[in-house]
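Colleague: Before I ask anything, let me first share the structure, which is written out below as structure tokens.
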Amino acid sequence: MTNKKRIAAMALVFVALAWGTSYAIIKDSLERIQPFSLMTIRFMGSALLLSLLYAPKLKGLTLETIKRGGLIGLFMFGAFLALIIGIQYTTASKQSFIIGAYVLFVPFLSYILNGTSLDRYSIIGALLAIVGLGMLTLDSVDGLNFGDVVTIFCSICFALHMIYIERYCHREDPIVLTILQFWTTGILFFILTAFKEGLAFTGALASAKTLAYLVVVATVLAFATQNVAQKYISSIGTSLILTLEAVFGSLFAVWYLHESMSATMALGCVLVFIGIITQQTKWKFLPWTKKKTEEWARGQ
């Protein structure tokens with residue numbers, strides 16, 4: 001691994017930490033401010049801040065660049081719309097783990113969109129993760145609750161977001177793409193806010209500190225870092241590192257919101273983690289599995 005890749009990987013760990021802690025903060029903020037208003041402030045504020053910091057980069061924007069940034073922004077909007085709806089019906093720890101399933105969706109969507117081949121480890125990893133997610137999210141015999149289902153859609157949108165960042169970040173300035181996706185997401189949430197909640201933004205002042213954290217740390221710094229890092233690390237590699245987000249999210253929710261985690265949920269989390277490791281590493285880091293891995297690869 002080159003120095004640039006190492007730095008990019010470390011930067012993505014920071015992104016995972018920022019996002020992981022944001023779920024509990026969002027859930028706490030929703031007690032004072034309406035959901036669409038929260039997202040409008042988050043993304044319009046982020047768009048304005050980054051536009052002011054990098055105004056020269058926005059000169060001479062082409063229609064193609066705007067389209068690419070807008071498409072990434074649509075996936076971002078879909079992800080956060082599902083996130084903000086889902087978190088009202090489920091816990092922050094459960095949501096952070098379900099969203100972490102994008103590490104499983106990325107390879108399959110890459111296969112559909114880019115023709116990337118799937119191996120046996122991807123299938124085994126996906127099956128393990130499905131069982132784990134079931135243990136994590138099935139509260140009763142009734143199955144998944146509404147918030148869990150919406151959050152799965154959120155996870156898919158995040159996976160598409162990563163895939164298209166990888167596709168475009170080598171053709172466009174990552175900072176410009178970040179700004180454009182913020183504006184796209186912010187404007188769409190502004191429209192939703194106007195129709196569903198009005199534009200009073202009640203509770204914004206009471207949530208000033210948490211909103212500042214969401215704008216500066218969890219949005220501007222985190223997404224800008226991701227877009228730059230993906231110039232050096234693939235979408236699959238990025239998704240693997242960002243699964244730490246689920247770990248950080250659950251631990252932070254237990255501490256910040258005093259949520260509990262049952263033994264069944266904990267076991268489900270372990271199975272999800274094993275599924276992720278199986279899919280992404282093929283257990284090559286274990287010396288005694290190297291030969292078997294090579295045999296499997298030749299047998300495909």
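Just so you know, all these numbers are worked out from the coordinates, no wet-lab data involved. Note that the coordinates shown come from a computational prediction; the quantities given were computed from them, not determined experimentally. Backbone-built Cβ (ideal geometry, glycine too); neighbour counts: all protein chains shown.
Colleague: Hey, fewest Cβ within 10 Å first, where do Ser155, Ser122, Ser46 land in order? Walk me through the intermediate numbers first.
Modeller: Working: Ser155 24, Ser122 21, Ser46 27.
Neighbour counts put them in this order, fewest first: Ser122, Ser155, Ser46.
Colleague: Moving on to the next point. If the limit is 27 Å between Cα atoms, which of Lys4/Lys282; Lys4/Lys94; Lys4/Lys284; Lys27/Lys59 go over it?
Modeller: Numbers: Lys4/Lys282 24 Å; Lys4/Lys94 34 Å; Lys4/Lys284 23 Å; Lys27/Lys59 38 Å.
Exceeds cut-off: Lys4/Lys94; Lys27/Lys59.
Colleague: Each label point is 7 Å from the Cα along the Cα-to-Cβ direction; what then is the distance between the points at Asp28 and Lys209, in nm?
Modeller: For the pair Asp28/Lys209, the computed spacing is 0.8 nm.
Colleague: So, one more: Please state the relative contact order of the chain as a whole percent: Cα pairs under 8 Å, 6+ residues apart? All intermediate terms of the calculation are to be shown ahead of the outcome.
Modeller: Working: 434 pairs, mean separation 123.5, N = 300.
Once divided by the residue count of the chain, the mean separation gives 41 percent.
Colleague: State which helices in the chain qualify, where a helix is a whole DSSP H run, it must extend 15 Å or more along its own axis by its Cα atoms, and its mean Kyte-Doolittle hydropathy must be at least 1.0.
Modeller: Details: long enough: 3-29 (39 Å, 0.63); 35-53 (27 Å, 1.52); 63-86 (34 Å, 1.51); 102-114 (16 Å, 1.65); 120-137 (25 Å, 1.66); 146-168 (34 Å, 1.22); 174-196 (33 Å, 1.62); 244-256 (17 Å, 1.41); 263-281 (26 Å, 1.60).
Membrane-span-like by this criterion, though nothing is claimed about a membrane: 35-53, 63-86, 102-114, 120-137, 146-168, 174-196, 244-256, 263-281.
Colleague: Right, something else. Across all directions of projection, what mean area in square nanometres is found for the Cα convex hull of the stretch 7-158?
Modeller: On the way: hull surface 46.7 nm².
Computing the convex hull of the Cα atoms and averaging its projections yields 11.7 nm².
Colleague: Follow-up. Calculate, in nm to one decimal, what Ile7 and Ala55 gain on full extension: separation in residues at 0.36 nm each, minus their alpha carbon distance. Mind showing how you got there, number by number?
Modeller: Numbers: separation 48, 0.36 × 48 = 17.28 nm, distance 2.61 nm.
Gain on stretching Ile7 to Ala55: 14.7 nm.
Colleague: For the stretch 46-136, what does the alpha-carbon gyration tensor say about shape, rounded, prolate or oblate, given a ≥ b ≥ c as the root eigenvalues, a/c under 1.5 as rounded, and a/b over b/c as prolate? Could the numbers behind the result be given before it?
Modeller: On the way: a/c = 3.41, a/b = 1.54, b/c = 2.21.
Oblate shape, in that a/c is at least 1.5 and b/c is the bigger or equal ratio.
Colleague: Then there is this: Given the DSSP H assignment, sum -39500 (n - 2.57) over each helix run of at least 4 residues in the chain and divide by its residue total; what's the result at 222 nm in deg cm²/dmol, nearest 500? Before the final figure, lay out each step's value.
Modeller: Working: 14 runs with 220 residues, N = 300.
Calculated from helices alone, the mean residue ellipticity at 222 nm is -24000 deg cm²/dmol.
Colleague: Let me ask another. Give, in nm to one decimal, the length gained when the segment between Ser234 and Ile123 is fully stretched (0.36 nm per residue of separation minus the Cα-Cα distance). Mind showing how you got there, number by number?
Modeller: Working: separation 111, 0.36 × 111 = 39.96 nm, distance 1.98 nm.
Going from the current span to full extension adds 38.0 nm.
Colleague: Identify the trypsin sites (Lys or Arg not before Pro) of the stretch 165-244 meeting these criteria: DSSP loop state and at most 10 other C-beta atoms within 10 Å of the C-beta.
Modeller: Working: sites: Arg167, Arg171, Lys196, Lys209, Lys231; in loops: Arg171, Lys231.
Hits after loop and neighbour filter: Arg171.
Colleague: Oh, and also: Which order do Ser110, Ser22, Ser117 fall in if you start with the one that has the fewest other Cβ atoms within 10 Å? Display every interim value, and only then the final one.
Modeller: Values: Ser110 21, Ser22 26, Ser117 9.
Fewest-to-most ranking of Ser110, Ser22, Ser117: Ser117, Ser110, Ser22.
Colleague: Could you give the length gained on full extension between Leu48 and Leu63, defined as 0.36 nm per residue of separation minus the Cα-Cα distance, in nm? Mind showing how you got there, number by number?
Modeller: Values: separation 15, 0.36 × 15 = 5.40 nm, distance 2.04 nm.
Full extension from Leu48 to Leu63 adds 3.4 nm.
Colleague: Assuming R0 = 25 Å, can you tell me the calculated FRET efficiency for the pair Ile274 and Val254, based on Cβ-Cβ distance, to the nearest 0.05? Walk me through the numbers on the way to the answer.
Modeller: Working: r = 21 Å, r/R0 = 0.85.
E(calc), rounded to 0.05, equals 0.75.
Colleague: Here is a further query. May I ask you to sort Trp283, Trp19, Trp183 by Cβ crowding, counting other Cβ atoms within 10 Å and putting the fewest first? Walk me through the numbers on the way to the answer.
Modeller: Values: Trp283 14, Trp19 25, Trp183 21.
Fewest-to-most Cβ neighbours within 10 Å comes out as Trp283, Trp183, Trp19.
Colleague: Kirkwood hydrodynamic radius, the chain, all distinct C-alpha pairs: what's the number in Å? Walk me through the numbers on the way to the answer.
Modeller: Working: mean 1/r = 0.0506 Å⁻¹.
Roughly 19.8 Å, rounded to one decimal.
Colleague: While we're on this one: For a Förster distance of 22 Å, can you work out the FRET efficiency between the beta-carbons of Val131 and Phe153, rounded to the nearest 0.05? Before the final figure, lay out each step's value.
Modeller: On the way: r = 20 Å, r/R0 = 0.93.
Computed FRET efficiency for Val131 and Phe153 comes out at 0.60.
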